[in-house]
Protein chains: 2
Amino acid sequence: MKATGIIVEYNPFHNGHLLHLQEARKQTDEDVVIAVMSGSFLQRGEPALLPKWERAQMAVDAGVDLVVELPFDYATQQAAIFAHGAIEILGSLGVSSIFFGSENGDAKVFSSIAKLVTEESVSFKASIRRFLDDKANSYATAWNSAIRELAPDLTLDLAQPNNILGFHYALAIAEQGKNINIATMSRKSAGYHDQSPAHHSIASATAIRHILLANDWKTAQQYLPDTTLVILQKYRETHSFVTWNDFWPLLRYQLISAPTDQLATIRGVSEGIENRLQQAAIHAATFDDFLAKTTTKRYSTSRIKRTALQILFQQRAHDTASQNYIRLLGMSANGQQYLSQIKKEISLPIVSTASKANPHLIQNDIRAGKLYSLAPSLGDQVLRDFHTTPYRKKP
Amino acid sequence: MKATGIIVEYNPFHNGHLLHLQEARKQTDEDVVIAVMSGSFLQRGEPALLPKWERAQMAVDAGVDLVVELPFDYATQQAAIFAHGAIEILGSLGVSSIFFGSENGDAKVFSSIAKLVTEESVSFKASIRRFLDDKANSYATAWNSAIRELAPDLTLDLAQPNNILGFHYALAIAEQGKNINIATMSRKSAGYHDQSPAHHSIASATAIRHILLANDWKTAQQYLPDTTLVILQKYRETHSFVTWNDFWPLLRYQLISAPTDQLATIRGVSEGIENRLQQAAIHAATFDDFLAKTTTKRYSTSRIKRTALQILFQQRAHDTASQNYIRLLGMSANGQQYLSQIKKEISLPIVSTASKANPHLIQNDIRAGKLYSLAPSLGDQVLRDFHTTPYRKKP
């Protein structure tokens, strides 16, 4: 059995994801599709709309064979760290290829640029630093300019969110020396940032979240597979969807009342941004208001949200990252078979149920799960993440 | 002009406090009464029912000449530290005497025991440690036993809350070498812990808070001077009374999601109590529920609440205590006159408005004020404490 890997958030799983999944099978022709999925908190510094357990079930019910969690320490970080963690997991699970959507759509471009950057890593890093010296440049702009300088013939627009992720997947494969093929499909429908549906059956996850938060099920069902709809509707019978609004009072408390020198030790807090965030928290009534007061050209909304999440999570920069590991969230019969076949070759530790795992290994994900569970929208389920066993779909 | 000092919380100012104030004037025969009052948070580890500004006004309107704030670093600590800070302030303000209520009622007993303890401090400390070795002993019990051993002829029951405070006032005066007389009155009416009114016009502050929280104004007015009633009723038109319930979601967040090793660095957290508190927070629905799950013979409710407050406030044990200072909250014409008369002799820094003070000096009280302001009961007034000027009563 051979496997292909996809890297996902499924927030929630929609028709575009289904298309991506089907294309992954078709284009790579592997027997098994493994999804590395973010858990409670996502790369753009946001809580997931609903818990990882419901989202893993959506994935498996829609055809993914194995869903494993990307640990918090990678899932909530900038693209380079995010990609490093995901590729390490997929490599450990023995995938032959990865498959991702990108604005660019040409796998060779990703591989070639990643190879160049790895070979020229010293001059490339110097080049990024030089572009960042211009305070008007964001990280994305600086990376883009450095790549254009390095490879003027290869066109890869890193201002596009899926290109930048794809580039970092390719780079992580090159840096980790993994023998993993790259396949990509062009994302033609529904721009990632687009909030209004652009196609009759496919919309961006952002647009779909807006529709769901507005309780517009009639519109929502147009963009969601039935497998997702069933799970979402059951979930909504007893819970609300989770947003930053659930955590705003807690973030505001941290920003307003924590010692400033303690805030300065948080991961991602630099250049005195803690003072800016503290001031904004005093005068902001809502999280959106807080974002409006803090976002600038240099500090993108995503970067502010990511930093805000680290503050909420109280992750100190000096804490050493824990070892990566493979936490099983859900699997099909096919996925179970693949897992038992390769089990002995997997180098990373495997965690099936958190309560039975090495507490030191998974401590940050335990904390992240507990923090997420404090969302009033969820009701009270502080220990759910600790005791839940992976979802197993019957054949 | 000569002054006497009283040490108060006025949570809120009631008829018993009025009696104490009148007795202070009568028994000491000084021209001026100075009250050192706790600010937003109190010695038993609780938020004040309403802000320091309303409480300072109650005090001045009822006849106190000068109200100064006991900084958070002293106000929320065990009796020895609490007393040290209060006596340092009163000493700096040049009082000739202090006056307090006690269960014992005999000033000479306090002075004599304080003198003995100061002289025998090495053997006394060893004695306390010995009694604390018995894990069944609380701090109060250990102190009590040590004092009985040191001074078998002098009877002072330190299990009584006002005796223990009075003893520490006397001890602080002796240790700081201050020339301050001690006067005390016996507290005959309304046991401090008593929740039901025992006298037709005097009830404990605890009982009165219960009455006010139940919105029973008819009963409340029996125990409160008109000056207090007017201020309370005006306050309640736009705000609710503040309790631990306001802060329970924030405390629970800290306990459940902060890194355990970070909790262990908080002031007052020792003997692995952080694990006990974390476990209780997971299963407790309310702050009272949390207290019920954590209080034991060794860990009194007050000690748990004090520790909980330090966790909420995120005060690290290794932070050096800031210098003591005199923050003016309110004054009568008489108080203003006294202040301008002795101003040049005051050794501690004086703070009139927080926004104009040395930020480093008052940083913990700024933080405490902001934290307190996050109580939903208060509505939004994060910067009130920062900009408010002392209350001045017109002659």
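Bear in mind that the values in this text are calculations on the coordinates, not laboratory data. Source: prediction; values computed, not measured. Cβ placement follows ideal geometry from the backbone for every residue including glycine, while neighbour counts extend to all protein chains displayed.
With Cα atoms defining each centre, the stretch B:12-72 and the stretch B:288-304 are spaced 28 Å apart in the structure. Distances between equivalent label points of A:Ala317 across the copies, with each point positioned 7 Å along Cα→Cβ, amount to 2.7 nm, shortest listed first. For the stretch A:226-240 and the stretch B:213-240, what is the separation of their C-alpha centers, rounded to whole Å? Between the Cα centres of the stretch A:226-240 and the stretch B:213-240 lies a distance of 48 Å.
Once the C-beta distance of A:Arg298 and A:Asn358 is scaled by a Förster radius of 30 Å, the resulting FRET efficiency is 0.15 to the nearest 0.05. Sites listed here are trypsin sites (Lys or Arg not before Pro) in the stretch B:1-65 whose DSSP assignment is loop and whose Cβ has at most 13 other Cβ atoms within 10 Å: B:Lys2.
Model label sites at A:Leu150 and B:Asn179, defined 7 Å from Cα along the beta-carbon direction, differ in position by 7.8 nm. Each label point was placed 7 Å from the Cα along the Cα-to-Cβ direction; for B:Glu237 and A:Leu383 their separation is 5.0 nm. What is the local net charge at B:Leu263, summed over the other residues whose Cβ is closer than 12 Å to its Cβ (Lys, Arg +1; Asp, Glu -1)? Charge balance near B:Leu263 sits at +2. Across the identical copies, the 7 Å label point of B:Glu119, projected outward along Cα→Cβ, sits 8.9 nm from its counterparts, in ascending order. 3J(HN,Hα) along the stretch A:94-109, derived from phi through the Karplus expression 6.51 cos²θ - 1.76 cosθ + 1.60 where θ = phi - 60°, amounts to x, 5, 8, 8, 10, 9, 9, x, 8, 5, 6, x, 10, 4, 5, 4 Hz, with x in place of Gly and Pro. Inter-copy label distances for A:Pro259: 1.5 nm (label point placed 7 Å from Cα along Cα→Cβ; shortest first). Under a plain spin-label model, where a point goes 7 Å from the Cα along Cα-to-Cβ, how far apart in nm are A:Asp289 and A:Ser123? Here the modelled spin labels are 5.2 nm apart. Along the stretch B:321-335 the Karplus relation, 6.51 cos²θ - 1.76 cosθ + 1.60 evaluated at θ = phi - 60°, assigns HN-Hα couplings of 5, 6, 5, 5, 7, 10, 9, 7, 10, x, 7, 8, 4, 4, x Hz to successive residues, with x for each Gly and Pro.
For B:Phe41, the residues whose modelled amide H falls within less than 5 Å of its own, excluding neighbours fewer than 5 places apart on the same chain, are B:Ala48.
Local charge for B:Ala79 was computed over the other residues whose Cβ lies under 12 Å away, with Lys and Arg +1 and Asp and Glu -1, and equals +3. Beta bridges per DSSP, both residues in the protein assembly as shown: antiparallel share near 20 percent. For B:Thr184, enumerate residues with amide H under 5 Å from its amide H, sequence gap 5+ or separate chain, H modeled in the peptide plane. When sequence neighbours closer than 5 places are left aside, the close amide H contacts are B:Phe100, B:Ala107. Less than 9 Å Cβ to Cβ from B:Val60, Lys/Arg counted +1 and Asp/Glu -1: what total charge do the surrounding residues give? In short, 0.
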